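The values are calculated or read from the model by the stated rules, or taken from the named source; none is laboratory data. Treat the numbers as computed from the prediction; the structure is a model and nothing was measured. Reconstructed Cβ throughout: ideal geometry from the backbone, glycine too, with neighbour counts over all protein chains shown. Accessible surface areas use protein heavy atoms only, side chains included; no ligands, DNA or RNA. Shrake-Rupley method; radii C 1.70, N 1.55, O 1.52, S 1.80 Å.
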Amino acid sequence: MGEGADRVRAIEQAAVDLCLAPERPQARLQQLGDARIWSLYREMVRNRLRGELKIALKRAHQDAGEAAFERAFVHHLAEAPPRSRFFHGIVGDFARSAAPFLREQTDVPAHVGDLLEYEAAVWAVGDLDDRAPATELEEFSFEGRPVLSHATRLLQLQYPVHRKREGGAPYERGEVRLCVHRRPEDRRARTWTLNPITYDLLRCFEAGEATVTEAVQRTATARKVAIDQPFLDGLCTVLADFIERGVILGCRAP
Amino acid sequence: MAETRKVDGIGIGLRYAMAERTLASDVPEIRWLEIHPENYVQRGGRFRHVLERARERFPLVTHGLTMGFGAVDRPEDSYVKPLRDFLHENAIPWHSEHLCFSGDGGVMLHDLLPVPFTRESVGVAVARIREARDRLELPIALENISYYADAGPAEMPEIDFLLEVLEQADCKLLLDVNNVFVNSQNHGFDPRAYMDRIPVERVVQIHVAGHQVRDDSLIIDTHGEPMRDEVYELLDFTLRRTGPVPVLLERDQNFPPFEELVAEVKRLDRIYREATAAAGAEGDGARGAA
């Protein structure tokens, strides 16, 4: 649409600014017209987004507390507002800005940023398209480039937030690597803890550039691990396990 | 590729919260389902499971939420192409969207915001509708929205704006009867006079719903309340003009026991039969139906 739509675009920008700004911008209200009604539109937009986030990120909302969660929401709208055309996608949009924001808040428990990332991953994986990708697949082989299920997320976090806390005790800090995945026949995502080598390997597979052999060599080199018989035995067990679970679908056809 | 199925009589919106009851029910008056494609495109798990069961039992129609035809921004291919594939995979006979905008510059607010009722805005909407028809390769139906205030200075009444867009874009109309009623109360016009100006040959589908009357008398189109008598009456009036156009009961929140929804469907079905018989239309003439 060219210059002929300038006035329409100006109205659209005014409405978007009105809905996203931390405080009601009076100039935008004047531009739009009826200040009472356009203030109502602002509240309807914000309430709808906020309500969905609180449902999807229930534990993070609870652990952050109402005030901090609201600050993260205001920050998100003002600095990195939702861009997904899919309403379920607003959770991921929010998590990308709110997780780092909440990690900087001194009045928020340190695990909350991780918890928010984890809940957003579980939310996404729960409904991601799990059908085989359009890419033609071949059986898994060490010379092939592996393909992971779409319904997979790999996370590296500083707190074991995938475990429920008992009695409200704080999480102990300690690196944790997770695979969040859902099989096509399942309704809910499952979470597995990964060791550093398996995590790096799956990350390498996810990038889709290396063959299995190359990925193993890179991972072993980076982790300073010898590729000896015990390593290979363990590797085969892990790979068979992830193929069985449907995380690894096969290899890309050459 | 599935076969396109006939859409007529009364339908309801397939909403996840009521999906199990809807799909397990045996209510002959529920003839078809409407889905929001944004809930199903490129999704798996429980949503695909529900969709597969739904299309086994019912004809489906899609109603989009985020490609408002009043938006200056052209929808990106990453949204339109999967949507097109989805509509064709599911043999959707027409796709509807709102005469509104929902964002700007890539930001999505996920609400239906009114466009300015201006000639410039007509041009935007006409271009968007034509593009959508070409890109989706399907008939497009435009829905009139509830609006609570003008968006900047208006050059014409909403009905003139709607008619101008319909005419220039040469598209179908999803006539939301509840929205006409809500707007008539909030903006002070006669809803029947509004309906008299609707070109019935363009009406391919009708929406009805409940709304909320606030303490300050403003009416909000919530889709979260039972339908009011006045909207049933306006539907009856409308169907006597349009003849047998499929009618969709929208309920998107504050879900009642399923039996209450079925009671509303049965009342709608009685109105549909009486009004369309009175209109002289016999049986299967639903406009735009497959």
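Sub-8 Å Cβ pairs linking a first residue in segment B:139-156 that is at pLDDT 95 or above to a second residue that is assigned to a loop (DSSP other than H, G, I, E, B) and polar (S, T, N, Q), at least 6 apart or interchain, are B:152/B:118; B:153/B:118; B:154/B:118; B:155/B:118; B:156/B:118, ordered by first then second residue.
Can you find a residue in segment A:100-110 that is in contact with a strand residue (DSSP E or B) (Cβ under 9 Å, 6 or more places away or on another chain) and not in a helix (DSSP H, G or I)?
no
Residue count for segment A:106-140, restricted to those that are away from chain B (no Cβ under 12 Å), more than 21 Å from residue A:187 (Cβ to Cβ) and open to solvent by less than 40 Å² (accessible area, probe 1.4 Å): 7. Among residues of segment B:143-157 being part of a loop (DSSP other than H, G, I, E, B) and in contact with a strand residue (DSSP E or B) (Cβ under 6 Å, 6 or more places away or on another chain), the one that is nearest to the other protein chains (Cβ to nearest Cβ) is B:145. Inspection of segment B:45-60 identifies no residue that is farther than 21 Å from residue B:16 by Cα, within 12 Å of chain A (Cβ to nearest Cβ) and in contact (Cβ under 8 Å) with a residue 24 or more places away in the chain.
Inspection of segment A:81-91 identifies at least one residue that is open to solvent by 60 Å² or more (accessible area, probe 1.4 Å), without any contact (Cβ under 8 Å) to a residue 24 or more places away in the chain and outside any helix (DSSP H, G or I).
Condition first: assigned by TED's automatic domain parsing to the domain that holds residue A:112 and not in a helix (DSSP H, G or I). Can you find one or more residues in segment A:11-18 that meet it? Looking for residues that are assigned by TED's automatic domain parsing to the domain that holds residue A:112 and not in a helix (DSSP H, G or I), one finds none in segment A:11-18, hence no. Would you check which residues across segment A:39-68 are of a type in the set (Asp, Glu) and more than 10 Å from every other protein chain (Cβ to nearest Cβ) and list them? If the condition is that a residue be of a type in the set (Asp, Glu) and more than 10 Å from every other protein chain (Cβ to nearest Cβ), then A:43, A:63, A:66 are the ones that fit.
Reported count of residues in segment A:45-73, each being of a type in the set (A, V, I, L, M) and open to solvent by 50 Å² or more (accessible area, probe 1.4 Å), is 2. All conditions but one from (1) on the phi > 0 side of the Ramachandran plot; (2) more than 14 Å from chain B (Cβ to nearest Cβ) apply to residue A:246; the one that does not is (2). Among the residues in segment A:220-233, are any away from chain B (no Cβ under 14 Å), open to solvent by 50 Å² or more (accessible area, probe 1.4 Å) and under 27 Å from residue A:124 (Cβ atoms)? Within segment A:220-233, none of the residues are away from chain B (no Cβ under 14 Å), open to solvent by 50 Å² or more (accessible area, probe 1.4 Å) and under 27 Å from residue A:124 (Cβ atoms). Among the residues that make up segment B:245-257, is at least one of them charged (D, E, K, R) and over 16 Å from the mean Cα position of the chain (by Cα)? There is no residue in segment B:245-257 that is charged (D, E, K, R) and over 16 Å from the mean Cα position of the chain (by Cα). If we scan segment B:105-120, do we find a residue that is in a helix (DSSP H, G or I), at pLDDT 95 or above and within 12 Å of chain A (Cβ to nearest Cβ)? There is at least one residue in segment B:105-120 that is in a helix (DSSP H, G or I), at pLDDT 95 or above and within 12 Å of chain A (Cβ to nearest Cβ). Residues in segment A:21-38 that are open to solvent by less than 60 Å² (accessible area, probe 1.4 Å) and within 7 Å of chain B (Cβ to nearest Cβ): A:32, A:33, A:37, A:38.
The residue of segment B:129-142 that is nearest to residue B:205 (Cα to Cα), among those that are within 14 Å of chain A (Cβ to nearest Cβ) and open to solvent by 10 Å² or more (accessible area, probe 1.4 Å), is B:130.
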